[in-house]
Amino acid sequence: MTVKHDLELVDVTKRYGPNVAVDAIQHRFQPSSYTCLLGPSGCGKSSTLRMIAGHESVTEGSILLSGRDISDLPPARRGTAMMFQNYALFPHLSVRDNIAFSLKMKGVEPKERHTKAGEMLELVDLTILADRLPDQLSGGQQQRVALARALITRPEVLLLDEPLSALDPFLRIRMRGELKKLQKELGISFIHVTHGQDEALALADEIVVMNDAVIEQAGPARDVFNAPKTRFVAQFMGGHNVIALPNGCFAIRTDAVTVTAPKKGTLDAQVTAVEYQGTHVSLLSRISGDQEVTAMVPEAIYFTNPHHPGDQIGLHWDAKNLHQLTA
Amino acid sequence: MKKLLENRNLSGWLMVSPLAVVLLVFLLMPIILIVIVSFWRATEFSIIPAFEFDNYEFLFGSSVTYKVFYNTFKYALITWAFTLVIGFTVAYYLAFHIRSLTWQVALFLVCTIPFLTSNIIRMISWIPFLGRNGIANTTLMSWGVIDEPLEWLLFSDFSVILAFVHLYTLFMVVPIFNTMMRIDKSLIEAARDAGANGAQILWNVIIPLTKPGIMIGTIFVVTLVMGDFITVRFMSGSQSANVGRLISNDIALLQYPSASATAIVLLASVLITIGILLRFVDIRKEL
C-alpha cells in the first residue's frame, strides 16, 4: 500500500511584530489532491504557503507532513518544493542546469543529473529548449521550467505561489489545464495560492477561502461556491446576492433569481441597470431597504420580455436556494 | 531648408554632436597629440618635430622600463585582489545582511565618508601611523609583539599597496553593491528550496550574478592603480617606481617626447588588459 502524504496545519500562527498575518489556522489537506488557497491580497494565504515551504518561520503551532513535524526543518528537507510567483529561474544557467540545480547541490555527478533533468524536460515537453537561457523563453515556457525544477526533487507536496498571475489571460487558461493534468499524472498534492476565484473553481478539488488571517470556509469547490457560509465567501466567490431578510442574512445565486411581473414574485423591485453579457443579461434592481439584487436572466428569456431601468418588476426564488449566512 | 530639417539622419547626427564634440576635443585630440609628440626627436636642450622611433627604441631597449612595468602590474594585481575581497565582503554584507533599505543607504554613505577628504591627505595620514616611531610600531612594541620597530611598514611595497587598497576599495564596493541589489531575492529562496547551503548559494548564485559588477570594479581599480604616480612616490618614499612615475619624471625634465612614448605604451597595455578582462564577462547588461 502506498503511503498517502497528508499535510496538516495545527494552530499555525504568523506574527510580524504586533500584526497577525495568520491567526491560528487549522486545516488538513486531502492527500493527492489539488487545493487552492483563495483570498484577497493581504489575507495571509501567501504567508501560509511560505510557512509550509519553510521560507517563513512559524510563530506558533506546527505543520505536519505524513505525521512528522516539519515546522523547524530547512526547506529542502521538508518534502515540499515551491514554485515561485515570478518563477525565480537562475538567469545565468541554462534550462537544463536550472532544472538540475538541486541535484548539483546534493553533489550528484554531472552525467546523472543531466539524465534526470532530461527526464523532467520530457515531462514538461521542453527537451528542444534545454540549452537556452531563461530570458530566451516565453512566459509559459519559463513556467514549465520552474515546474520541472520544483518537481525534480520528488516532493510530496508542490507549493505554487500565484503561478499563473504573470501570464496573459489566454495562456493562463491553457497552463491551468496543464497544471491539473500534471497533478493527476504525478498523484502528489498541489497547493496553489491564488486570488482569482475562477482559477480556484477550475482547478481545485478543495478550496480554502481565507480572509483577515483566518480560514473562512474550506471544502470541495462545488460546496464552497453553492453553499457559502459567510457574507465574505458569498461576495468573494461572486455570482451571489447577499440579502438581509427579516429572518436573517442570506445568499442566493444570481442565476437562481427569476424575474416576474410586479406583485407576482417573492419581492418587488425596481430595475436600476441592465447589462448584456452574451449568454446572460444581468439585471440590477433595488428592493426595499435600499438593497441591490442582481438577477442573471438567460438571454433568450430576457428578450422575450425586456425590462428597462425604472421598470417595476417582481423577483422570485425558491426558498431551498437560500443559504443562511453566519456573518 | 524644411526638407533638410525633416531628414531623420541629419537630426540624429545633430543630437549626438554635442557629446561627439566634447569627446573629440577633450579625449581624442589630446591622445592624437600625444601620439604625434611621441615620435618627435628630443635632445638635451631642444624638441624637434620629426617622425622617428628613437623614443620607442630607447624605451624598449632599457631594462628599467621592464622593471617599472612589472612593478605597475604587480601593484595592480595585488591591489585588485585585496580590493576585490574586501569590496565583495562589504557589498555582500550591505546587500544581503542589512534588511532595511534605510540602513543600507545609511551604511553605504558611511562607506563614502573617507572620500570627503582628498586622496593626498588620506595617503599622507598613513605616514605618522606607519613610521619608525609611529603609532603602529609603538603599539606593537608596547604589547610586546615585536622588540624593535618594523622597517617594512613605511616606504615599502607594503605601504604602497596599503594606501592603494585604502584609496580604491570603494570603487569595488559601489559596482558590486549595485549589481547585488538587483539580484532578485526570490532567487536566494529558490536556491535554498533546492537544498543549497550558504556557501553553495554564494558560489552558484551570487558570485555568477555579481560578475558584471566585479568586472566594472576591476576596471576602475586596475586603471586607477596603473595610472597612478603620486601614491607610489609618497608611500614608497621615492624608493620604487611605476610607469606613472617614469612619465612624471620625464615631464619634470621637459622630455615630452619620451614621456609621450611611455604614455602611449601604458595606454596600450591598460587597454589590452581591459580587453582581455571584457572577454570573460559581458558588462553591457549593467550599463
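Which of the residues that make up region B:227-240 are in contact with a Gly (Cβ under 9 Å, 6 or more places away or on another chain) and surrounded by fewer than 22 Cβ atoms within 10 Å (Cβ to Cβ)?
B:GLY227, B:PHE229, B:ILE230, B:ARG233
Test A:ALA234 against the stated conditions and say whether it is of a type outside the set (Val, Ile, Thr), under 22 Å from the mean Cα position of the chain (by Cα) and part of a strand (DSSP E or B).
no
Which one of these does A:PRO40 not meet: (1) under 20 Å from the mean Cα position of the chain (by Cα); (2) within 14 Å of chain B (Cβ to nearest Cβ); (3) not in a helix (DSSP H, G or I)?
A:PRO40 satisfies every listed condition except (2).
Just to be sure I understand, how many residues within region A:147-187 are polar (S, T, N, Q) and within 17 Å of A:GLU119 (Cβ to Cβ)?
1
Does region A:92-106 contain at least one residue that is closer than 20 Å to B:GLU189 by Cα, in a strand (DSSP E or B) and either among the hydrophobic types (A, V, I, L, M, F, W, C) or in contact with a strand residue (DSSP E or B) (Cβ under 7 Å, 6 or more places away or on another chain) (or both)?
no
Pairs under 7 Å by beta carbon, first residue touching a residue at least 24 places away in the same chain (Cβ under 8 Å) in region A:316-327, partner polar (S, T, N, Q) and assigned to a loop (DSSP other than H, G, I, E, B), six or more apart or different chains?
Pairs found: A:HIS316/A:THR266; A:TRP317/A:THR266; A:LEU325/A:THR230; A:THR326/A:THR230; A:ALA327/A:THR230.
Tell me, yes or no, whether region A:136-152 has at least one residue that is assigned to a loop (DSSP other than H, G, I, E, B), within 24 Å of A:PHE190 (Cβ to Cβ), touching a Leu at 6+ places or on another chain (Cβ under 9 Å) and at the interface with chain B (Cβ under 9 Å from one of its Cβ atoms).
yes
Can you spot a residue in region B:22-38 that is within 30 Å of B:LEU254 (Cα to Cα) and either touching a Leu at 6+ places or on another chain (Cβ under 6 Å) or at pLDDT below 90 (or both)?
no
I'd like to check something: does region B:232-248 contain any residue that is farther than 30 Å from B:PHE129 by Cα and away from every other protein chain (no Cβ under 14 Å)?
Looking for residues that are farther than 30 Å from B:PHE129 by Cα and away from every other protein chain (no Cβ under 14 Å), one finds none in region B:232-248, hence no.
Which of the residues belonging to region B:23-64 are β-branched (Val, Ile, Thr) and either surrounded by 11 or more Cβ atoms within 10 Å (Cβ to Cβ) or under 20 Å from B:VAL243 (Cα atoms) (or both)?
Once the filter is applied, which keeps residues that are β-branched (Val, Ile, Thr) and either surrounded by 11 or more Cβ atoms within 10 Å (Cβ to Cβ) or under 20 Å from B:VAL243 (Cα atoms) (or both), region B:23-64 yields B:ILE31, B:ILE32, B:ILE34, B:VAL35, B:ILE36, B:VAL37, B:ILE47, B:VAL64.
State the number of residues belonging to region A:219-271 that are farther than 26 Å from A:ILE301 by Cα, charged (D, E, K, R) and in contact (Cβ under 8 Å) with a residue 24 or more places away in the chain.
Summing the residues that are farther than 26 Å from A:ILE301 by Cα, charged (D, E, K, R) and in contact (Cβ under 8 Å) with a residue 24 or more places away in the chain in region A:219-271 gives 2.
Of the conditions (1) at the interface with chain B (Cβ under 10 Å from one of its Cβ atoms); (2) at pLDDT 90 or above; (3) part of a helix (DSSP H, G or I), A:ALA76 fails just one. Which one is it?
The one condition A:ALA76 does not meet is (2).
Please verify whether A:LEU133 is within 26 Å of B:ASN197 (Cα to Cα), in contact (Cβ under 8 Å) with a residue 40 or more places away in the chain, within 13 Å of chain B (Cβ to nearest Cβ) and surrounded by fewer than 19 Cβ atoms within 10 Å (Cβ to Cβ), treating the condition exactly as stated.
yes
Scanning for something under 23 Å from A:ILE313 (Cβ atoms), in contact with a Lys or Arg (Cβ under 6 Å, 6 or more places away or on another chain) and surrounded by 15 or more Cβ atoms within 10 Å (Cβ to Cβ), does region A:243-265 turn up at least one residue?
Among the residues of region A:243-265, not one is under 23 Å from A:ILE313 (Cβ atoms), in contact with a Lys or Arg (Cβ under 6 Å, 6 or more places away or on another chain) and surrounded by 15 or more Cβ atoms within 10 Å (Cβ to Cβ), which makes the answer no.
Charged (D, E, K, R), free of Cβ contacts under 8 Å to residues at least 24 places away in the same chain and more than 7 Å from chain A (Cβ to nearest Cβ), is that true of B:LYS185?
So B:LYS185 fits the description; yes.
Pairs under 8 Å by beta carbon, first residue in a loop (DSSP other than H, G, I, E, B) and surrounded by 10 or more Cβ atoms within 10 Å (Cβ to Cβ) in region B:143-158, partner at pLDDT 85 or above and of a type in the set (A, V, I, L, M), six or more apart or different chains?
Going by the 8 Å Cβ cut-off, the qualifying pairs are B:ILE146/B:LEU140; B:PRO149/B:MET141; B:LEU150/B:ALA136; B:LEU150/B:LEU140; B:LEU154/B:ILE127; B:LEU154/B:LEU130; B:LEU154/B:MET235; B:PHE155/B:MET235.
State whether the residues of region A:70-82 include one that is surrounded by fewer than 21 Cβ atoms within 10 Å (Cβ to Cβ), under 21 Å from the mean Cα position of the chain (by Cα) and closer than 17 Å to A:LEU160 by Cβ.
no
Name every residue in region A:14-58 that is over 21 Å from A:GLY219 (Cα atoms) and hydroxyl-bearing (Ser, Thr, Tyr), in order of residue number.
Scanning region A:14-58 gives A:TYR16, A:SER57.
Determine whether region B:77-86 contains at least one residue that is in contact (Cβ under 8 Å) with a residue 12 or more places away in the chain and assigned to a loop (DSSP other than H, G, I, E, B).
There is no residue in region B:77-86 that is in contact (Cβ under 8 Å) with a residue 12 or more places away in the chain and assigned to a loop (DSSP other than H, G, I, E, B).
Condition first: touching a helix residue (DSSP H, G or I) at 6+ places or on another chain (Cβ under 6 Å) and either more than 13 Å from A:THR35 (Cα to Cα) or of a type in the set (Val, Ile, Thr) (or both). Now tell me which residues in region A:177-201 satisfy that.
Residues satisfying the conditions are A:VAL193, A:THR194.
The values are calculated or read from the model by the stated rules, or taken from the named source; none is laboratory data. This structure is a prediction, so every number in the text was calculated from the model and none was measured. Virtual Cβ from ideal backbone geometry, glycine too; neighbours counted across all protein chains shown.
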